[in-house]
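Heads up, the thing below is written out as structure tokens.
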Amino acid sequence: MQIQKFTVGMFQANCYLLTDEQSGLSAIIDTGDGADLAHNIEAMAQGSHANHPEIHAIFLTHAHVDHAGGLVTLQESLHAQTCLPAMEKDMFQTLPAQGLWFGMPQYNRPCGRIDRLLHDGDVFRIGSLDIQFISTPGHSPGHGCYLVGDDLFSGDLLFAGSIGRTDLPMGDGRAMQQSLARVVALPPHTKVHSGHGPPTTIGDEVARNPFLSFARQAAGTGKPWHR
Ligand SMILES: [Zn+2]
């Protein structure tokens, strides 16, 4: 799998283009807030044929404007199936209003089209890639991560050295703890591609992330930390 990262928009959100090298088929994870990702994809399409991505699906980790606000622009040029976590439906409807929360009226525009709602454990096949949806609420009601082999696309759940905030509307600190407990149980070598900032691994975060001290304590005692 080839992973290309695009950091876009006012909030510097990371969007990912995954390409299955066997079939040449691609998928996008998160769209950014505006037209930047669409412009990047267009520029690639105008390059050599080898770089022309055949994008079959768009996956959203959650429906905050910095991750999903660009959907409507992308859908003008792409005919990809768009997948949203089922529990994120209500948040998706607030996309135009979120611009007002952040004082940016330019986000007051249509949200785009959702073709499929995802539930925990759903697997979506793109060429030879199995993209598994893991429900990880807390930062937002339906937030989810996508696991592809040993690569986790963690949205705003887990960052290098930090975690997503839970103080935004519809955030839930307790759900966040349970979601973090789920993903830190993944193998330590799992690569983490976050919604903001640099990549990391589950092992590095369990060792150093101040918000994951519960996992270190459990490792010290040998007791399970799942609740
Ligand atoms: Zn967010």
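The values are calculated or read from the model by the stated rules, or taken from the named source; none is laboratory data. The structure displayed is predicted, hence computed values, not measured ones. Ideal geometry is used to build each Cβ from the backbone, glycine not excepted, and the neighbour counts take in all protein chains shown.
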* Inter-residue pairs, beta-carbon under 6 Å, first over 15 Å from His62 (Cα atoms) and in region 105-119, second in a loop (DSSP other than H, G, I, E, B), 6+ apart -> Tyr107/Gly69
* Structure fact -> When restricted to Thr73, Thr94, Thr61, the only residue farther than 19 Å from Asp20 by Cβ, crowded, with 21+ Cβ neighbours inside 10 Å and among the hydroxyl-bearing types (Ser, Thr, Tyr) is Thr61
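Of all residues in region 129-159, which are in contact with a His (Cβ under 8 Å, 6 or more places away or on another chain), of a type outside the set (S, T, N, Q) and farther than 19 Å from Val65 by Cβ? Lay out the reasoning, then the answer.
Initially, region 129-159 is screened for residues in contact with a His (Cβ under 8 Å, 6 or more places away or on another chain), giving 133, 135-137, 139-140, 142-144, 150-157, 159.
When the remaining residues are screened for being of a type outside the set (S, T, N, Q), the result is 133, 137, 139, 142-144, 150-153, 155-157, 159.
Correct list: Phe133, Asp150, Asp151, Leu152.
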* Has region 38-46 got any residue that is surrounded by fewer than 21 Cβ atoms within 10 Å (Cβ to Cβ), of a type in the set (Asp, Glu) and at pLDDT 95 or above? -> no
* To do: Test Thr82 against the criterion of being hydroxyl-bearing (Ser, Thr, Tyr) and in a strand (DSSP E or B), and give yes or no.
  => yes
* Asked: Which residues, counting only those in region 1-31, are touching a residue at least 40 places away in the same chain (Cβ under 8 Å), more than 12 Å from Ser194 (Cα to Cα) and of a type in the set (Asp, Glu)?
  -> Asp20
* Has region 51-63 got any residue that is within 15 Å of the chain's Cα centre (by Cα), farther than 17 Å from Leu25 by Cα and not in a loop (DSSP other than H, G, I, E, B)? -> no
* Asked: Just a yes or no: is a residue in region 92-103 closer than 26 Å to Asp130 by Cβ and within 16 Å of the ligand (Cβ to nearest atom)?
  -> yes
* Can you name the residue in region 76-91 that is modelled with pLDDT of 95 or more and not aliphatic (A, V, I, L, M) and, of all such residues, is nearest to the ligand (Cβ to nearest atom)? -> Glu88
* Structure fact -> When every residue in region 137-171 that is away from the ligand (no atom under 14 Å from the Cβ) and not hydroxyl-bearing (Ser, Thr, Tyr) is compared, the one surrounded by the most Cβ atoms within 10 Å (Cβ to Cβ) is Leu152
* region 185-207 - residue that is part of a helix (DSSP H, G or I) and buried (at least 21 other Cβ atoms within 10 Å of the Cβ) and, of those, farthest from the ligand (Cβ to nearest atom) -> Ile202
